[in-house]
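Take a look at the structure below.
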Amino acid sequence: MRYKTGWLIQDHILALTHFESFVTVEDFRDIAVNTHIALQEATGPFHILIDNRIIAEQTVASLDTMFKALPILEHPHLRWIVVVLPEAIKETVTSREVQRQGAIQLKFVDSLSSAFQHLAQEDNRIDGAACYESNWSDWITWQDNPIATGDEEEQHQG
């Protein structure tokens, strides 16, 4: 498995994580199809969490570029897209502003913990960042892929 995409929390957070550092054309196509299918289920406000920590590509897509590549992202219920930057460029997070088109906002963060904290602050339907972390470890287990579980510091402790 090269990636995983699906509902981290059903009809609340759609997530994508990568298990390989390079995204192929086939991966992108399959991710687009899986995203399209999942978004057809969305009935209320939801968010997208994209975990790009291990991605080798250092070019960061703007919100406009994301909409052009995946028009389905312009979903009426989408509120936040939160992207965890690749390890190689995560220190650039402070120079990246939140982007907005209509009700949809894009935020770049430097870790999964930062992503969970942001979503917990912006959406009170889930009881804090710890709930997101718990769901993530259930969604991507260490046995499935040790690289995609939690943040780097946590990986080296386990």
Report summary line: Everything considered on the Cα gyration tensor (a ≥ b ≥ c; rounded for a/c under 1.5, else prolate if a/b is larger than b/c, else oblate), the stretch 1-41 must be described as oblate
Report summary line: In the chain the DSSP beta bridges are antiparallel at a rate, in percent to nearest 5, of 35
Query raised in the report: Of Ile50, Phe22, Ser134, which is farthest on the positive side of the dipole of the stretch 3-153, counting Cα position, with +1 on Lys and Arg Cβ, -1 on Asp and Glu Cβ, and the Cα centre as origin?
Result: Ile50
Report task. Rounded to the nearest 500, what is the 222 nm mean residue ellipticity of the chain from helices alone, with -39500 (n - 2.57) per DSSP H run of 4+ residues and division by all residues? Result -> -9500 deg cm²/dmol
Query raised in the report: What shape does the stretch 60-116 have by the C-alpha gyration tensor, where a ≥ b ≥ c are the square roots of the eigenvalues, rounded means a/c under 1.5, and otherwise prolate means a/b greater than b/c and oblate the rest?
Result: prolate
Query raised in the report: How high is the FRET efficiency between Asp11 and Ser95 when r is their beta carbon distance and R₀ equals 25 Å, given to the nearest 0.05?
Result: 0.15
Query raised in the report: What size of dipole, in debye to the nearest 20, comes out for the chain about its Cα centre when the only charges are +1 on Lys and Arg C-beta atoms and -1 on Asp and Glu C-beta atoms?
Result: 480
Query raised in the report: What residue among Thr17, Thr43, Thr35 shows peak mean-square fluctuation when the chain is described by a Gaussian network model with Cα springs under 10 Å?
Result: Thr43
Report task. Take the alpha carbon gyration tensor of the chain, find the square roots of its eigenvalues, order them as a ≥ b ≥ c, and report rounded if a/c is under 1.5; if not, report prolate when a/b exceeds b/c, else oblate. Result -> rounded
Query raised in the report: Mean Kyte-Doolittle of at least -1.0 and a Cα length of 20 Å or more along the axis: which whole DSSP H helices of the chain meet both?
Result: 25-39
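Where a number appears in this text, it was derived from the coordinates with a stated rule and is not lab data. In this text, all values refer to a predicted model and were calculated from it rather than measured experimentally. Counting neighbours? That spans all protein chains shown, and the Cβs are built from the backbone with ideal geometry, glycine included.
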